[in-house]
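K.L.:
Structure provided below as structure tokens; questions to follow.
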Amino acid sequence: MALSPRLSGQVAARAHHSSAAKLLRKIEPFFAIGQVSGGPLLLASLIALVAINSPWSADYARLWDRPLRISYGSWAIERSVAEWVNDALMPLFFLIIGTEVKREFVKGSLSSWQTAVFPVAGAIGGLVVPVGLYLAFNYGTPTQHGWGVVAAMDTAFSLAIVAMFTTRLPPAVRAVLLAFAAIDDVFGLLVIAVAYTETLQPWFLLLAAIGYAAMMVLLRLRWVAPILYIACGLVVWVGVLGSGVHPTIAGVAIGLLLPTSSRLSEKRFVERVQKPVDQLKAAQAAAERARDDEEAEQYREKAQQRLGYLHEMAAATDEAAERLVRILTPWVSYIVLPLFALSNVRIHFSAALVGDAVQSPLALGIVVGLALGKPVGFLAATWLATRLGQARLPDGVTWRMVLGIGAVAGIGFTISLFIAELAFAEAELTEMAALAVLAASLVSGLFGYGVLWHAASVAEANAVEAGG
């Protein structure tokens with residue numbers, strides 16, 4: 001979890017004379033609990049790689065391939081444990097993505113056309129160029145269908161690397177990356193929905209639509225109790241799961257539906273709570289002056305009623321989208337994504353696999369598409385949009401920083417592995433694709449860190465020179 005402010009300050013002081021403390025401060029962004037973090041995912045991936053290459057590899061694989069059946073009367077559904085992680089837990093991760101995408105469009109970096117064009121152009125270039133490079137290696141081959149592997153970036157790892165330079169780079173760098181990641185993830189989800197959905201069951205789609213419409217009605221009625229929303233969300237998930245569309249789409253759809261404004265403004269809150277606060281103080285004082293326990297208990301009950309009112313009014317000032325993300329983020333960071341890595345990262349390292357990968361169009365297309373295509377596509381598209389006068393470089397951001405953003409976008413770990421599972425039925429191809437994604441992510445992460453470190457150093461030097 002993230003360090004407390006006081007402990008963070010202690011670590012900053014110790015970093016002046018302790019290399020261990022300095023390292024802890026560097027890796028802190030990978031375990032920040034306020035956002036989807038890449039640290040637990042990375043640790044789980046390393047554990048999975050060690051386990052799958054150990055003498056207990058077969059037992060480890062059987063653990064996740066064990067079937068788990070859910071039935072009710074004549075209706076039954078059976079999935080392996082790994083598939084249940086993908087189908088039942090991963091939609092929570094995509095729900096957060098959908099929610100953050102909506103917030104960016106409504107009140108964030110994409111809320112106006114002028115601010116949206118730059119990352120939108122970058123996202124288009126970051127999709128077209130990687131896919132084009134992948135198809136350059138694989139067009140007309142049996143692996144052509146895997147082009148979606150290079151479509152989307154890994155938000156958690158990318159944001160964690162940028163967070164390592166929080167105090168050295170302008171805030172606009174993170175805003176641009178977050179906006180780019182939001183649009184890039186939308187493209188990835190559209191790829192899942194369109195390219196990797198084989199058959200559709202219309203009656204299940206109708207069920208999902210009914211559940212979705214019911215949630216819209218509840219929101220229209222300003223219904224507060226969460227139990228009905230949870231029930232409707234489960235209906236949407238069951239409908240999408242049974243329809244043949246991957247259930248991660250249900251998470252995104254629900255996330256896009258959540259309100260990004262509170263039910264009660266801060267101004268109205270102050271107006272409504274002043275009198276109850278006075279009543280609470282009066283009841284508390286009366287309880288202390290009461291002549292006997294029975295009278296004191298009556299005044300304490302009145303005080304509790306006022307506290308309940310104040311609690312509900314305070315909750316009404318919190319927007320639903322932000323509250324849900326705040327609740328889900330620790331669970332997604334420390335349980336859902338690690339379970340996804342533990343159950344899906346199954347690369348059996350061998351000289352034969354590495355040798356085949358070096359000569360395989362599939363692996364080469366993925367590595368080139370992510371490690372080269374993402375930064376080139378993002379940089380070229382944003383530069384072109386700026387030159388055409390349709391976008392402008394955000395304040396304080398340099399083209400070197402833009403290259404760094406594009407470089408870390410080449411980390412395609414989570415969604416890339418997810419799409420690889422959907423794209424390839426053969427275990428050999430899935431394993432080779434996973435190895436290529438791992439290699440591309442490592443190269444992209446190191447390259448992005450190096451570019452951003454150099455950009456931060458230049459920015460600091462320019463600031464010192466300007467100040468002098």
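The values are calculated or read from the model by the stated rules, or taken from the named source; none is laboratory data. None of these values were measured; they are calculated from a predicted model. Backbone-built Cβ (ideal geometry, glycine too); neighbour counts: all protein chains shown. What goes into the accessible areas is simple: the full protein's heavy atoms, side chains included, and nothing from ligands, DNA or RNA. Shrake-Rupley method; radii C 1.70, N 1.55, O 1.52, S 1.80 Å.
K.L.:
Show me 373-379, 184-190 ranked by packing, highest mean number of other Cβ atoms within 10 Å first.
P.N.:
Details: 373-379: 27.0, 184-190: 22.0.
Order by mean packing, descending: 373-379, 184-190.
K.L.:
Still on this model: Please calculate the 1.4 Å probe accessible area of Glu100, with all protein chains present, and give it to the nearest 10 Å².
P.N.:
Answer for Glu100: close to 70 Å² accessible.
K.L.:
Would you please state the base-10 log of I(q)/I(0) at q = 0.19 1/Å for the stretch 321-468, with intensities from the Debye formula using one equal scatterer on every alpha carbon?
P.N.:
-1.12
K.L.:
Regarding the chain, what are the three Cα extents along the principal axes, ordered largest first, in Å?
P.N.:
Cα spread of the chain along its principal axes, largest to smallest: 89, 78, 50 Å.
K.L.:
Heavy atoms only, 1.4 Å probe, whole protein assembly: order Glu312, Glu104, Glu294 by accessible area, highest first.
P.N.:
Details: Glu312 75, Glu104 25, Glu294 135 Å².
Descending accessible area places them as Glu294, Glu312, Glu104.
K.L.:
Of all accessible surface on the chain at a 1.4 Å probe, what whole percent is carbon and sulfur?
P.N.:
On the way: 15450 of 23690 Å².
Carbon and sulfur atoms account for 65 percent of the accessible area of the chain.
K.L.:
Stokes-Einstein at 10 °C, 1.306 mPa s, Kirkwood radius from Cα pairs: D for the stretch 215-267 in µm² s⁻¹? If you can, show how the numbers build up before the last one.
P.N.:
Working: Rh = 12.3 Å.
Translational diffusion coefficient: 129 µm²/s.
K.L.:
Per residue, how many Å² of accessible area does the stretch 57-142 show with a 1.4 Å probe? Present the calculation step by step, with values, prior to reporting the outcome.
P.N.:
On the way: 4480 Å² over 86 residues.
That works out to 52 Å² per residue.
K.L.:
Relative to the compact globular guide of 2.2 N^0.38 Å, what is the alpha carbon radius of gyration of the stretch 255-337, as a ratio? Show your work: numbers first, answer last.
P.N.:
On the way: Rg = 18.5 Å, N = 83, 2.2 N^0.38 = 11.8 Å.
So the stretch 255-337 has a normalised radius of gyration of 1.57.
K.L.:
In a Debye calculation with equal point scatterers on the alpha-carbon sites of the stretch 324-407 and no solvent, what is log10 I(q)/I(0) at q = 0.21 Å⁻¹?
P.N.:
Taken in order of the listed q values, log10 I(q)/I(0) reads -0.94.
K.L.:
For the stretch 41-150, list log₁₀ I(q)/I(0) at each q in 0.10, 0.17, 0.23 Å⁻¹, using the Debye formula over Cα point scatterers of equal strength and ignoring solvent, two decimals each.
P.N.:
Normalising to I(0) and taking log10 leaves -0.60, -1.10, -1.14.
K.L.:
Then there's this: Across all directions of projection, what mean area in square nanometres is found for the Cα convex hull of the stretch 120-175? Mind dumping the intermediate values first?
P.N.:
Details: hull surface 19.2 nm².
About 4.8 nm², averaged over all directions.
K.L.:
Still on this model: Once the convex hull of the alpha carbons of the stretch 361-405 is built, what does its volume come to per residue, in cubic angstrom? Mind dumping the intermediate values first?
P.N.:
Numbers: hull volume 2.8 nm³, N = 45.
So the per-residue Cα hull volume is 62 Å³.
K.L.:
Using only alpha carbon positions, build the gyration tensor of the stretch 413-460, then give the equivalent ellipsoid semi-axes as the square roots of 5 times its eigenvalues, largest first, whole angstrom. Mind dumping the intermediate values first?
P.N.:
Details: eigenvalues 215, 17, 4 Å².
Whole-Å semi-axes of the equivalent ellipsoid: 33, 9, 4.
K.L.:
Another question about this same structure. Leaving out ligands and nucleic acids, note down the accessible area per residue over the stretch 230-388 with a 1.4 angstrom probe, in whole Å². Numbers along the way, then the final one.
P.N.:
On the way: 8290 Å² over 159 residues.
It amounts to 52 Å² per residue over the stretch 230-388.
K.L.:
Put Thr398, Thr199, Thr143 in order of accessible area, largest first, 1.4 Å probe: what do you get?
P.N.:
Working: Thr398 55, Thr199 90, Thr143 20 Å².
Largest to smallest exposure gives the sequence Thr199, Thr398, Thr143.
K.L.:
With every protein chain present, what accessible area does Val194 have (1.4 Å probe, heavy atoms only), rounded to the nearest 10 Å²?
P.N.:
Only protein atoms counted, so the area is about 120 Å².
K.L.:
In square nanometres, what is one fourth of the surface area of the convex hull spanned by the alpha carbons of the stretch 86-228? List each step's numbers first, then the result.
P.N.:
Numbers: hull surface 48.7 nm².
Convex hull of Cα atoms, orientation-averaged projection: 12.2 nm².
K.L.:
Pairing the Cα long axis of helix 293-316 with the longest principal axis of the chain, what angle in degrees results, from 0 to 90 and rounded to the nearest 10?
P.N.:
40
K.L.:
Moving to a separate point now. Where does the stretch 140-208 land on Rg/Rh, using Cα atoms and the Kirkwood Rh? Don't skip to the answer; put the middle values down first.
P.N.:
Working: Rg = 17.3 Å, Rh = 14.8 Å.
In the stretch 140-208, Rg relative to Rh is 1.17.
K.L.:
Further, regarding this structure: Do the sum for the chain: with -39,500 (n - 2.57) for every DSSP H run of n ≥ 4, divided by all residues, what is the mean residue ellipticity at 222 nm, to the nearest 500 deg cm²/dmol?
P.N.:
Details: 22 runs with 331 residues, N = 468.
The helix-only estimate for the chain comes to -23000 deg cm²/dmol at 222 nm.
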